[in-house]
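Notes for the one structure printed next.
The values are calculated or read from the model by the stated rules, or taken from the named source; none is laboratory data. Computed from a predicted model, the values in this text were never measured in an experiment. Here the Cβ positions follow ideal geometry from the backbone for every residue, glycine too, while neighbour counts run over all protein chains shown.
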Amino acid sequence: MRSGEKPGAPVVKARCSANRLFLKNVLAQNSALCYNGKNKREAFGMKFRDTPMQNLVSIREKEVCAKVREMLLEGESLVAAYKTVRDQVVFTTHRIFMVDMQGLTGTRQEIFVLPYRKIQHFGILTTGFGDPVPSSRLTVCYADQHEMEFGFLADDEDLIRVSRAISSCIL
């Protein structure tokens, strides 16, 4: 022991350096995950969307999650809003909000914001004549090879409005 040090100081230093080394290793592993295509979603906590959001039904503006409405910027407006049984996806003039309702009552919410300016390209599949269940699909691809797919049980007019909003931001 050096003069002026407390009896437990070297142990505390060893713990701190061990913690720093542990954190450095964890960060290195997480950054490796971030560059691995499939694990990227898991690294960012988006594993609840490994499967596409299907059977989205149109909802009115007043049914949109209150937290999403609070997050809207000045000049940003809703283009369309949809929901599954519990979750919601909201398309605005600037971005996509994905709301994962959690817990029994849905009061705990996980909200992901996907800006249109990060979209590299997108594709739409419209309904066809004689389809037993009229459904359309929007696939959005980001530059980091992240891909989101949304399946709608709605008319194609909503899908065209959404695609116009995306196009206005990426072109």
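Observations on the structure shown:
- Options Leu104, Leu56: the member that is touching a Ser or Thr at 6+ places or on another chain (Cβ under 7 Å) and aliphatic (A, V, I, L, M): Leu56
- The conditions of being surrounded by fewer than 17 Cβ atoms within 10 Å (Cβ to Cβ), of a type in the set (Lys, Arg) and at pLDDT below 80 are not met by Lys67.
- Strands (runs of 3 or more DSSP E) (entirely within the stretch 90-171) containing at least 2 residues that are under 18 Å from the mean Cα position of the chain (by Cα), in contact (Cβ under 8 Å) with a residue 12 or more places away in the chain and farther than 18 Å from Met53 by Cα: 119-125
- Matching residues, the stretch 105-147, being surrounded by 15 or more Cβ atoms within 10 Å (Cβ to Cβ), closer than 21 Å to Leu171 by Cβ and touching a helix residue (DSSP H, G or I) at 6+ places or on another chain (Cβ under 7 Å): Tyr116, Ile119, Phe122, Ile124, Leu138, Tyr142, His146
- When the stretch 93-104 is filtered for residues that are over 17 Å from Ser167 (Cα atoms), surrounded by 14 or more Cβ atoms within 10 Å (Cβ to Cβ) and of a type in the set (A, V, I, L, M), the ones remaining, listed by number, are Met98, Val99, Met101.
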